[in-house]
Ligand SMILES: Cc1cc2nc3c(=O)[nH]c(=O)nc-3n(C[C@H](O)[C@H](O)[C@H](O)COP(=O)(O)OP(=O)(O)OC[C@H]3O[C@@H](n4cnc5c(N)ncnc54)[C@H](O)[C@@H]3O)c2cc1C
């Protein structure tokens, strides 16, 4: 089956019908539920882009197994050109949402590709797992499935987690092995887009101590979202059913986050990639380079998001005629610097890519690592800049319905600005508000701060992997220079 259309994606969600809970309501059809359906439609649009004649060649490639056109984010890059093609494809998707759909399917497609390419890594645990990793990648690619993932054990007691021991009564764990597979019980966080996905990857990220009591928490597998016993508990939804005019982002890109409950879920052996091996689990993302491919997708998204915020900020300045003030230049310049830094990191990551031990053209990690460490600080600052540039303008945003009410003329007269009529001004500032003030905006900021991991531990990871030795050696040589030198 070739790259899917949006209609095929929506049909898949309807047919599979995972157990999704929103408050006390069991959601039976996520494609029609008011809190989820419009984001489902946006994801469907991404799939449709694969069939747009103007984009098709940039969005898809010929499958090495079926010969049909499949999504380009699945490609196993063998050359720099492959990487750059993947990057262009991902940018098309990221620009569609201004980077607000962090979990466009490419995010996990690249990770899955890395898992298959590094299948021998999984095979160290059990030779069957290497085949599982390869087969699963092909399975997903050929069906163009949409994946979510959950990596983290819930916040029960982080003092315990810090020692490498998850909370035994809460975190998802293997409770039994049978001829059919492993049985999982417990909870994980936080499956973004979970209710709108076909399958879930349950992979390790919490660092586990290699000890007897942690083995049952050490696993990697993937299963369909409608597997019996699997439940998605959604947070409160931020799509309130308002028009695109009123909530331009929340009405389109509300990618739901969900706690995942495993109520004695059977994971068939063919879907198990790692089992009871804390040592391999702790290494997985770095050793397979999946983390680098994920960073590649993330930095493409960062570019699109920085472009979008800069664009909104410039429009706000233009609208109210504040472009003469030096401090406004400074703030816009800060956004420009952020954007250009992200573009430079992306480009450097691609330019210095090299074929890794798995035979994959892998982006150069350091500049992408820099980007993933700095963007969680940049994004909240750009949101702050938007607030500082917009000020009360973000509160002078009566809903669309007010224009057709008895006070409509008052609004048309009073909310006009230097370079825009009232209606266009309100439309623009409602967008700025949805970037910087709404519930949707708050979640986006939290997302950027944390989705790729705790920033403190990401910095530690950078400290750990960065090759510092040549620099220290240069300093040693400097200190050893002769007196007259
Ligand atoms: C909007 C959003 C979407 C997300 N989507 C997903 C998703 O789709 N899939 C997924 O798997 N995860 C997802 N996450 C979860 C994300 O991976 C975690 O938020 C992140 O790894 C941090 O873990 P935590 O939230 O449990 O915070 P914690 O680890 O509990 O950290 C909380 C605070 O305690 C400190 N802390 C805790 N432990 C330590 C330690 N050992 N050393 C130093 N400081 C410590 C942290 O620095 C932080 O200040 C998402 C998160 C958000 C906010």
Inset, instruction - Say whether the condition of being outside any loop (DSSP other than H, G, I, E, B) and away from the ligand (no atom under 16 Å from the Cβ) is met by at least one residue in the stretch 100-109. - result: no
Legend entry - helices (runs of 4 or more DSSP H) contained in the stretch 20-99 and holding at least 2 residues crowded, with 22+ Cβ neighbours inside 10 Å: 37-49, 80-96
Legend entry - Failed item in (1) part of a loop (DSSP other than H, G, I, E, B); (2) crowded, with 18+ Cβ neighbours inside 10 Å; (3) more than 16 Å from the ligand (Cβ to nearest atom), with residue 482 passing the rest: (2)
Legend entry - residue 195 vs. criteria more than 18 Å from residue 228 (Cα to Cα) and crowded, with 22+ Cβ neighbours inside 10 Å: no
Inset, instruction - Could you list all residues from the stretch 273-316 that are part of a strand (DSSP E or B) and under 25 Å from the mean Cα position of the chain (by Cα)? - result: 273, 274
Legend entry - Residues (crowded, with 24+ Cβ neighbours inside 10 Å, within 8 Å of the ligand (Cβ to nearest atom) and in a loop (DSSP other than H, G, I, E, B)) located in the stretch 141-156: 153
Inset, instruction - Kindly check whether there is at least one residue in the stretch 452-467 that is away from the ligand (no atom under 16 Å from the Cβ), without any contact (Cβ under 8 Å) to a residue 60 or more places away in the chain and exposed (fewer than 14 other Cβ atoms within 10 Å of the Cβ). - result: yes
Inset, instruction - Just give me the residues in the stretch 246-272 being more than 16 Å from the ligand (Cβ to nearest atom), part of a strand (DSSP E or B) and either surrounded by 20 or more Cβ atoms within 10 Å (Cβ to Cβ) or free of Cβ contacts under 8 Å to residues at least 12 places away in the same chain (or both), in sequence order. - result: 265, 267, 272
Inset, instruction - Considering each residue of the stretch 157-167, count those that are on the phi < 0 side of the Ramachandran plot, in contact (Cβ under 8 Å) with a residue 40 or more places away in the chain and more than 8 Å from the ligand (Cβ to nearest atom), and give that number. - result: 3
Inset, instruction - Might you let me know whether the stretch 204-213 holds any residue that is farther than 30 Å from residue 7 by Cα and without any contact (Cβ under 8 Å) to a residue 24 or more places away in the chain? - result: yes
Legend entry - Pair list, Cβ under 7 Å, 6 or more apart: the stretch 337-355 residue surrounded by fewer than 21 Cβ atoms within 10 Å (Cβ to Cβ), other residue in a helix (DSSP H, G or I) and at pLDDT 95 or above: 343/303; 348/367
Inset, instruction - Kindly indicate which of 397, 411 is in contact with a helix residue (DSSP H, G or I) (Cβ under 6 Å, 6 or more places away or on another chain) and part of a helix (DSSP H, G or I). - result: 411
Legend entry - Criterion (surrounded by 23 or more Cβ atoms within 10 Å (Cβ to Cβ) and within 14 Å of the ligand (Cβ to nearest atom)) met by exactly one of 200, 189, 170, 184: 200
Inset, instruction - Go through the stretch 225-243 and give me each residue that's more than 21 Å from residue 190 (Cα to Cα) and exposed (fewer than 15 other Cβ atoms within 10 Å of the Cβ). - result: 241, 243
Inset, instruction - Might you let me know whether the stretch 320-333 holds any residue that is out of contact with any helix residue (DSSP H, G or I) (no Cβ under 6 Å at 6 or more places or on another chain) and surrounded by 22 or more Cβ atoms within 10 Å (Cβ to Cβ)? - result: no
Inset, instruction - Using the structure shown, decide if residue 113 is in a helix (DSSP H, G or I), free of Cβ contacts under 8 Å to residues at least 40 places away in the same chain, under 17 Å from the mean Cα position of the chain (by Cα) and crowded, with 19+ Cβ neighbours inside 10 Å. - result: no
Legend entry - Which listed residue, of 457, 449, is closer than 18 Å to residue 189 by Cβ and touching a helix residue (DSSP H, G or I) at 6+ places or on another chain (Cβ under 7 Å): 449
Legend entry - Count - residues of the stretch 78-99 that are in contact with a strand residue (DSSP E or B) (Cβ under 7 Å, 6 or more places away or on another chain) and within 16 Å of the ligand (Cβ to nearest atom): 0
Legend entry - the stretch 205-230: number of residues that are within 16 Å of residue 273 (Cβ to Cβ) and near the ligand (Cβ under 10 Å from one of its atoms): 1
Legend entry - Qualifying positions in the stretch 414-446 - surrounded by 16 or more Cβ atoms within 10 Å (Cβ to Cβ), without any contact (Cβ under 8 Å) to a residue 24 or more places away in the chain and in a helix (DSSP H, G or I): 422, 423
Inset, instruction - Might you check whether a residue that is in contact (Cβ under 8 Å) with a residue 12 or more places away in the chain, in contact with a strand residue (DSSP E or B) (Cβ under 7 Å, 6 or more places away or on another chain) and surrounded by fewer than 24 Cβ atoms within 10 Å (Cβ to Cβ) occurs anywhere in the stretch 294-315? - result: no
Inset, instruction - Hey, could you check the stretch 123-133 for residues that are outside any loop (DSSP other than H, G, I, E, B) and surrounded by 18 or more Cβ atoms within 10 Å (Cβ to Cβ) and say which is nearest to the ligand (Cβ to nearest atom)? - result: 133
Inset, instruction - Looking only at the stretch 383-394, decide whether some residue is under 30 Å from residue 150 (Cα atoms) and either crowded, with 16+ Cβ neighbours inside 10 Å or within 16 Å of the ligand (Cβ to nearest atom) (or both). - result: yes
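The values are calculated or read from the model by the stated rules, or taken from the named source; none is laboratory data. No experiment lies behind these values; they were computed from the predicted model shown. All Cβ positions, even for glycine, are placed from backbone atoms using ideal geometry, and neighbour counts span all protein chains on display.
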